[in-house]
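Scroll down for the structure; my scribbles are underneath it.
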Amino acid sequence: MSGTAVNPAYLQLQHVVKDFGAGAVAVNDVSIDIAKGEIFALLGSSGCGKTTLLRMLAGFETPTSGRIILNGQDLAGLPPYARPINMMFQSYALFPHLSVWDNIAFGLRREGQAKAEIAARVEAMLKLVQLEKFARRKPHQLSGGQQQRVALARSLAKKPQLLLLDEPLGALDKKLREETQIELVNIIEEVGVTCVMVTHDQEEAMTMASRLAVMSEGRLLQVGPPAEIYETPATRFVADFIGNVNLMEGRLSTIEPDHVIIDCADCQHYVGHGITGSQDMLVSVAIRPEKIHLSRHAPDEAFNCARGVVQDLAYFGSYTVYRMKLASGAMLKVSISNTQRHREDGLTWGDEAWAHWSRNAHVVLTQ
Ligand SMILES: Nc1ncnc2c1ncn2[C@@H]1O[C@H](COP(=O)(O)OP(=O)(O)O)[C@@H](O)[C@H]1O
Ligand SMILES: [Mg+2]
């Protein structure tokens, strides 16, 4: 697995381990190279070690072993305040008794900067996050989204070289979250700061990050740009974790340089590229629901199709998800985008239909 950035690494994690003792290895041999200006996301379910990794970057936690290097400097032994790093906490941790203005100025005052300099920087930050009109308010007089922007402005005020965001939008509701994701990326890119964010929300990671790492039980499973991880997951776990997927177990029955055939319980897959494997090897075939089509009539080809019965369907507005029960009893998820107001074939509960997909819809997984 390659965690190497395209550009020279600005932030390097080398075999970083955090062992809390008593069998609790929160971060287990993590190596990543992150380029300057990147927005890098660590994505994983709760308890997989994301916050612990960020806290080691910030200096609140000491690695059990391994090295963290920022811009050529080994950070070992440097206390948090001496690192050119700012961490924005999940809870925002704004000072409730201070105004927006004073919250943003807080770190600058502690550094003993000149008054005029502080004022100029605070005004610039307020402008950046579009909160000029709210400078005199207290945090409780702001919406969740506005509080999030104050926390961001405060984090950026000291011009950190590295910005760490722990579940930055966790406190916001879904709609506001989606709007704020793009806003946040725009601000980070405008400032040009390198950013490592952690989230358990895959859509958030995919929308915001230039690259992401899927993390499980303290380890990185796969690192790459969002589209690469979605379209070519390396393992069953990653395929299943990112987005929706149909996983089918099968046996390699034909292996040619330009194609392979995989026999599964409900269908024969014709995969339009070669893979390294041996005759009769057991593999998993992953197909995303949106890469499958439905029709009432049997397709011409014997490959890449399966007959089933519509078990249920869920309407999501822009698309509908059908769950097809196949002959073996297995379920197949099919997502059809609602480009028309009504489906011509009017497929509904209990209807029989054919699911079919193309020769390049599959990902063949061997681990
Ligand atoms: N100070 C600590 N002492 C012991 N175990 C800890 C400590 N901090 C975190 N852990 C454990 O390390 C694991 C990872 O935690 P954390 O990094 O908070 O995960 P995440 O942020 O991905 O939810 C969890 O099993 C957690 O219980
Ligand atoms: Mg956490």
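Just so it is clear, none of the values below were taken in a lab; they were calculated from the coordinates. Small disclaimer: the values here were computed from a predicted structure and weren't measured. Cβ sites come from the backbone with ideal geometry, for glycine too, and all protein chains shown count toward neighbours.
Taking amide H as placed 1.01 Å from N in the peptide plane, His259 has its amide H under 5 Å from the amide H of Gly274, each at least 5 places away in sequence or on another chain.
One way to sum up the overall shape of the range 235-283 is the equivalent ellipsoid from its Cα gyration tensor, whose semi-axes run 20, 12, 10 Å, largest first.
With R₀ set to 56 Å, the beta-carbon distance separating His97 from His342 gives a calculated FRET efficiency near 0.45. In order along the range 163-172, the Karplus-derived 3J(HN,Hα) couplings, from 6.51 cos²θ - 1.76 cosθ + 1.60 at θ = phi - 60°, round to 10, 10, 10, 9, 6, x, 10, x, 8, 9 Hz, and Gly and Pro are given as x. Once both labels are positioned 7 Å from their Cα atoms along Cα-to-Cβ, the gap between Lys133 and Tyr319 label points is 3.7 nm.
Taking a straight Cα-Cα cut-off under 21 Å and skipping sequence neighbours fewer than 8 places away in the same chain, the lysines within cross-link reach of Lys333 are Lys291, Lys325. Here Arg219, Arg341, Arg121, Arg251 are placed in order of increasing Cβ neighbour count within 10 Å, fewest first, which gives Arg341, Arg251, Arg219, Arg121. Multiplying the residue separation of Ala171 and Lys36 by 0.36 nm and removing their Cα-Cα distance gives an extension gain of 45.8 nm.
Residue-wise HN-Hα couplings along the range 327-332, as the Karplus relation 6.51 cos²θ - 1.76 cosθ + 1.60 with θ = phi - 60° gives them from phi, are 4, 6, x, 5, 9, 10 Hz; Gly and Pro carry x. Multiplying the residue separation of His140 and Arg67 by 0.36 nm and removing their Cα-Cα distance gives an extension gain of 22.2 nm.
Fully extending the segment from Asp240 to Met331 would add 31.3 nm, taking 0.36 nm per residue of separation and subtracting the current Cα-Cα distance. Farthest towards the positive end of the charge dipole of the chain, among the residues Phe89, Tyr322, Met281, is the Cα of Phe89, using unit charges on the Cβ of Lys, Arg, Asp and Glu. Summarising the amide proton neighbourhood of Gln268: residues at separation of 5 or more, or on other chains, whose placed amide H is nearer than 5 Å comprise Asn304, Cys305.
Net charge near Leu131, counting Lys/Arg +1 and Asp/Glu -1 over other residues with Cβ under 10 Å of its Cβ? Taking every other residue near Leu131 into account, the sum is +3. Assuming charge only on the beta carbon of Lys and Arg (+1) and of Asp and Glu (-1), the dipole of the range 233-344 about its Cα centre is about 540 debye to the nearest 20.
By the rule of a C-alpha distance below 18 Å, with chain neighbours fewer than 8 residues away ignored, the lysines paired with Lys18 are Lys50.
For the chain, what is the calculated [θ] at 222 nm in deg cm²/dmol (nearest 500), taking -39500 (n - 2.57) for each run of four or more DSSP H residues and dividing by its residue count? One gets -7000 deg cm²/dmol as the mean residue ellipticity at 222 nm. For the range 247-253, 3J(HN,Hα) computed residue by residue from phi via the Karplus equation (6.51, -1.76, 1.60; θ = phi - 60°) reads 10, 10, 8, x, 10, 6, 9 Hz, glycine and proline entered as x. Of the residues Thr232, Thr194, Val122, the one whose Cα sits farthest towards the positive end of the charge dipole of the chain is Val122 (charges of +1 on Lys and Arg Cβ, -1 on Asp and Glu Cβ, taken about the Cα centre). Between Ala227 and His259, the FRET efficiency estimated from the beta carbon spacing at R0 = 30 angstrom works out to 0.80.
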